[in-house]
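To start, the structure under review is shown below, and the notes come after it.
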Amino acid sequence: MSEVSVRNADKSDVRLLSALAAATFYEAYFEQDAANDLANYIAESFSPAAISDEIADENSTFLIAEMSGKAVGYVKLRENSHADCVAEKNVLEIQRIYLLEKLKGKGIGRFLIENCIEFAKDRKFSALWLGVWSENSQAQQFYRKMNFEHVGEVKFLYGDGEETNFVYRLMLDKAR
Ligand SMILES: CC(C)(COP(=O)(O)OP(=O)(O)OC[C@H]1O[C@@H](n2cnc3c(N)ncnc32)[C@H](O)[C@@H]1OP(=O)(O)O)[C@@H](O)C(=O)NCCC(=O)NCCS
């Protein structure tokens, strides 16, 4: 694998993150999702204006994975975000983790999770948690491989209906 590095995003990355978020989200869900729902979600959630607001939010941190200097994936971390099924209070959410399809399965996701663990441990969080769409079994296998445990579920509105996110948690005292 060519050299992969991870860096913190800043406001100069708004357009890059907007493009990367849209491309990776479309690649991840185009087979399972209705094209219009996907397009609407991407237009609303990943516009430069929406990403700019997220970067400005003091609870948010974006990490960008680069391969040979090119952005290939990212993570969005969120502080002060909780789920009922995660009892611990001092927790950090992995709100999004997405790679370009072409670069999946090469260890970059693991590297990003390791960076999330280091980030969270440095700031004395006790656990990482995340929600993953119940139909996204590939990502769930990845999270289990990264030692996350399934601890519950939450409902969310998407398109015209209600969907389920499974909630996974990683206790940081058990993480290497
Ligand atoms: C989920 C994702 C971030 C994982 O990153 P990745 O780079 O593909 O995963 P890695 O190559 O680092 O894999 C790490 C380990 O998990 C395992 N793993 C990864 N995907 C897996 C899968 N679909 N099934 C089984 N095991 C899997 C790997 O085999 C590897 O194990 P090993 O180290 O023992 O060999 C990436 O595939 C992705 O962006 N997917 C699309 C977007 C998505 O679904 N994001 C999550 C939304 S909640």
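The values are calculated or read from the model by the stated rules, or taken from the named source; none is laboratory data. This one's a predicted model, so the numbers in the text were calculated from it and none came from an experiment. Cβ coordinates were reconstructed from backbone atoms using ideal geometry, including for glycine residues, and neighbour counts include every protein chain displayed. Surface areas here come from the heavy atoms of the whole protein model, side chains and all, with no ligands, DNA or RNA. Shrake-Rupley method; radii C 1.70, N 1.55, O 1.52, S 1.80 Å.
Things to note:
- Label zone at ALA23 (point 7 Å along Cα-to-Cβ), backbone N below 15 Å, region 65-80: 65-75
- Averaged per residue, region 4-171 has 53 square angstrom of accessible surface, using a 1.4 angstrom probe with ligands and nucleic acids left out.
- The helix-based estimate of mean residue ellipticity at 222 nm for the chain, built from -39,500 (n - 2.57) per DSSP H run of four or more residues and divided by its residue count, is -10500 deg cm²/dmol to the nearest 500.
- GluC sites (Glu not before Pro), loop per DSSP, at most 10 other Cβ atoms within 10 Å - longest free stretch of the chain: 59-176
- Label-to-label distance, ALA56 versus LYS11, with points set 7 angstrom from Cα along the beta-carbon direction: 0.8 nm.
- Within the listed set TYR158, TYR26, TYR41, the Gaussian network model of the chain (springs between alpha-carbon atoms below 10 Å) gives the highest mean-square fluctuation for TYR158.
- Cross-link pairs exceeding 19 Å between alpha carbons, from the set LYS104/LYS145; LYS11/LYS70; LYS11/LYS124; LYS70/LYS106; LYS70/LYS124: LYS11/LYS124; LYS70/LYS124.
- Heavy-atom accessible surface of the chain: percent carbon and sulfur, 1.4 Å: 45 percent
- For the chain, the square roots of the Cα gyration tensor eigenvalues, ordered a ≥ b ≥ c, give a/c below 1.5, which places it in the rounded category.
- For region 73-132, applying the loop criterion from DSSP together with a ceiling of 10 other beta carbons within 10 Å to the trypsin sites (Lys or Arg not before Pro) yields LYS89, LYS124.
- Cα gyration tensor category, rounded, prolate or oblate, for region 54-146 with a/c compared to 1.5: oblate
- Sites LYS145 and ALA49, calculated FRET efficiency, Cβ-Cβ separation with R0 45 Å, nearest 0.05: 0.80
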